[in-house]
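Working notes, beginning with the structure itself.
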2 protein chains.
Amino acid sequence: MRVVVPHRVADPKTRLAERLDPDERAAFARAMLDDVLDAVETAGHDPEVLATEPFDAPVPVTVDDRPLTGAVNGVLDESLPGTPVAVVMADLPLATPDALSRLFETAGDVVAAPGRGGGTNALVVRHPEFRVDYHGASFRDHRRACEAVGATLGTVDSYRLGTDVDEPADLVEVLLHGEGAARRWLDARGFDVEAGEGRVRVTRDDPG
Amino acid sequence: MRVVVPHRVADPKTRLAERLDPDERAAFARAMLDDVLDAVETAGHDPEVLATEPFDAPVPVTVDDRPLTGAVNGVLDESLPGTPVAVVMADLPLATPDALSRLFETAGDVVAAPGRGGGTNALVVRHPEFRVDYHGASFRDHRRACEAVGATLGTVDSYRLGTDVDEPADLVEVLLHGEGAARRWLDARGFDVEAGEGRVRVTRDDPG
């Protein structure tokens with residue numbers, strides 16, 4: 001199985017701009033990517049990065065500057081018959097080898113891990129005609145795309161794979177459940193979880 | 001194993017008030033409860049409801065008008081030695097028998113299903129000294145409570161159990177992934193998912 005991890009190199013994670021400056025966003029996105037690559041490797045696969053531009057990565061990088069959907073479909077277009085392709089988003093710092101193994105081992109021509117708000121955080125594609133569309137409610141669109149080409153759809157029920165980190169509120173998830181580079185990055189920069197009278201929120205203290 | 005489902009009878013789900021009137025919130029909360037009870041039964045257990053006041057339920061009801069933490073700890077105080085107690089929140093309309101079976105079968109003196117934002121959406125308690133505290137970041141507090149009494153903590157990695165429905169944005173999850181009474185309730189009242197240029201959102205058409 002090929003395991004492809006898309007990564008936006010320049011100006012990633014814009015919805016975190018309220019809490020992180022541009023350099024911090026790039027560093028935090030890189031820490032999340034490293035967590036995902038580590039988890040894929042520990043699950044027994046050799047990940048590749050599908051990047052928007054060249055960057056210094058510890059694994060093979062394919063550069064494709066198209067938007068996500070086009071770039072991933074470019075990979076699917078060129079995949080070898082009989083070789084499944086997994087697409088695992090880079091912003092899943094809670095991903096564990098166990099959760100990924102459940103994804104990789106679930107039966108189906110296509111297997112999807114739903115993400116919060118209708119997204120598709122991870123996919124395994126074993127059907128030659130299936131193509132992705134990450135725009136909008138992609139989980140629903142991927143279900144319809146399976147029906148359109150006669151592909152069976154499996155799903156993996158995972159909180160860890162369902163938790164993509166896009167917004168400041170998502171940092172709570174990393175602080176409470178993360179165990180890798182992204183968690184350490186936030187800890188080192190003074191982020192913490194505060195649970196007062198109301199809802200749980202993320203605080204930041206200057207550690208210096 | 002006892003399986004207890006706490007249910008707030010009067011004025012439930014206040015954070016949905018923006019989209020549902022009080023009668024609708026009560027009916028929707030009841031539909032979610034019914035989905036959870038069905039899933040527990042299909043998983044092979046006899047659920048009980050722990051309710052804030054008497055109401056017409058298809059399963060045994062214990063009434064305790066204390067806030068959630070006190071009421072659940074009342075159940076734990078009176079549980080029989082050697083009989084595990086599971087506590088499954090009533091606002092988990094995506095819960096499936098499979099997801100609940102994974103919860104019930106996971107090893108640990110205490111087993112928790114994390115919920116979005118630091119919550120604890122479902123628990124199995126097999127340790128006589130463990131007590132709950134649902135206030136604030138309860139998952140972290142429950143982890144600490146396990147350490148304090150020397151209980152091992154298992155976790156179950158489930159998107160379905162991790163998805164509690166509190167806010168309007170959560171309705172997207174029910175519309176996309178629900179299969180039971182809560183999903184049908186929303187469908188019948190004209191709720192739908194709209195995925196335009198921006199983020200996925202919930203719409204409502206007057207079906208009449």
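The values are calculated or read from the model by the stated rules, or taken from the named source; none is laboratory data. Keep in mind it's a predicted model, so treat the numbers as computed, not measured. In this analysis, Cβ positions are derived from the backbone assuming ideal geometry, glycine residues included, and neighbour counts consider all displayed protein chains. Each accessible area value is taken on the protein alone, full model and side chains, heavy atoms only, with ligands, DNA and RNA left out. Shrake-Rupley method; radii C 1.70, N 1.55, O 1.52, S 1.80 Å.
Whenever a residue of segment B:10-25 is under 19 Å from B:Pro93 (Cα atoms) and touching a residue at least 24 places away in the same chain (Cβ under 8 Å), its partners that are open to solvent by less than 40 Å² (accessible area, probe 1.4 Å) and assigned to a helix (DSSP H, G or I), lying with C-beta atoms within less than 6 angstrom and at least six residues away or across chains, give the pairs B:Lys13/B:Arg25; B:Lys13/B:Ala29; B:Leu16/B:Arg25; B:Arg19/B:Pro168.
Condition first: at pLDDT 95 or above and either part of a loop (DSSP other than H, G, I, E, B) or surrounded by fewer than 18 Cβ atoms within 10 Å (Cβ to Cβ) (or both). Can you find one or more residues in segment A:29-37 that meet it? No: segment A:29-37 contains no residue that is at pLDDT 95 or above and either part of a loop (DSSP other than H, G, I, E, B) or surrounded by fewer than 18 Cβ atoms within 10 Å (Cβ to Cβ) (or both).
For segment B:8-21, does any single residue satisfy the condition of being under 29 Å from B:Phe191 (Cα atoms), part of a helix (DSSP H, G or I) and touching a Pro at 6+ places or on another chain (Cβ under 6 Å)? No; the residues of segment B:8-21 include none that is under 29 Å from B:Phe191 (Cα atoms), part of a helix (DSSP H, G or I) and touching a Pro at 6+ places or on another chain (Cβ under 6 Å).
Counting only helices (runs of 4 or more DSSP H) that sit completely within segment B:85-187, those holding 2 or more residues that are more than 21 Å from A:Thr163 (Cβ to Cβ) and either open to solvent by less than 30 Å² (accessible area, probe 1.4 Å) or within 14 Å of chain A (Cβ to nearest Cβ) (or both) correspond to B:97-105, B:138-149.
Can you find a residue in segment B:40-61 that is within 24 Å of B:Asp187 (Cα to Cα), open to solvent by less than 30 Å² (accessible area, probe 1.4 Å) and within 14 Å of chain A (Cβ to nearest Cβ)? Checked against the condition, which is being within 24 Å of B:Asp187 (Cα to Cα), open to solvent by less than 30 Å² (accessible area, probe 1.4 Å) and within 14 Å of chain A (Cβ to nearest Cβ), segment B:40-61 yields no hits at all.
Under the condition of being free of Cβ contacts under 8 Å to residues at least 60 places away in the same chain and touching a strand residue (DSSP E or B) at 6+ places or on another chain (Cβ under 9 Å), the residues counted in segment A:122-148 number 18.
Identify, please: which residue in segment B:40-79 is charged (D, E, K, R) and part of a loop (DSSP other than H, G, I, E, B) and is, among those, nearest to B:Arg30 (Cα to Cα)? Can you show your working first?
As a first pass, look at segment B:40-79 and keep what is charged (D, E, K, R): B:41, B:46, B:48, B:53, B:56, B:64-66, B:77-78.
When the remaining residues are screened for being part of a loop (DSSP other than H, G, I, E, B), the result is B:46, B:53, B:56, B:64-66, B:78.
On the way: B:Asp46: 18, B:Glu53: 14, B:Asp56: 10, B:Asp64: 18, B:Asp65: 18, B:Arg66: 20, B:Glu78: 27 Å.
Here the answer is B:Asp56.
For the subset of segment B:188-197 comprising residues that are at the interface with chain A (Cβ under 9 Å from one of its Cβ atoms) and either open to solvent by less than 50 Å² (accessible area, probe 1.4 Å) or assigned to a loop (DSSP other than H, G, I, E, B) (or both), which member is modelled with the lowest pLDDT? Ranking the candidates gives B:Glu197 first. Just one residue in the set B:Thr163, B:Thr155, B:Thr120, B:Thr96 is of a type in the set (S, T, N, Q), modelled with pLDDT of 95 or more and farther than 30 Å from B:Arg201 by Cβ; that residue is B:Thr155. When restricted to residues that are under 11 Å from B:Pro6 (Cα atoms), open to solvent by 50 Å² or more (accessible area, probe 1.4 Å) and away from chain A (no Cβ under 14 Å), segment B:67-84 contains 1.
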